[in-house]
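Worksheet: the structure to be examined is printed underneath.
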């Protein structure tokens, strides 16, 4: 093998190693972007569909599988408006906290949506100011 070919092989190996390293270093950044407050949805329905229904199911009846995801449909705990606000902000058990990821308005929107849909009829609306006051 000529010296020029050896150099080319070494450069190729170095490039492959650098690309592999870059993908490992970039992975946390990609994963972090999912939870970095980049939810563009603004309506309660859109937020529910993009964030909540993956675990709580499209009909909000919850699921049991790899974990237990409580039903939001017909859930009497939603009567106290502060309860779902706090759960969304701080998380609870297996549910991650979304307080850093969603604005006060987004949290109010999604909580109001869940409290007035899926067989829930809790009509006293949560305001963005109430969400702000509930933040630690």
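Every read-out reported here was derived from the displayed coordinates using simple, explicitly stated rules and does not represent laboratory data. Quick caveat: nothing in here was measured; it's all calculated off a predicted structure. Using ideal geometry, Cβ is built from the backbone for each residue, glycine included, and neighbour counts are taken over all protein chains shown.
Using label points projected 7 Å from each Cα along Cα→Cβ, tell me how many nm separate residue 100 and residue 42, to one decimal.
About 2.6 nm, to one decimal.
Give, in nm to one decimal, the length gained when the segment between residue 129 and residue 57 is fully stretched (0.36 nm per residue of separation minus the Cα-Cα distance).
Additional length available on full extension: 23.1 nm.
What FRET efficiency comes out for residue 117 versus residue 66 if R0 is 22 angstrom and r is the Cβ-Cβ distance? Round to the nearest 0.05.
Here the calculated transfer efficiency is 0.30.
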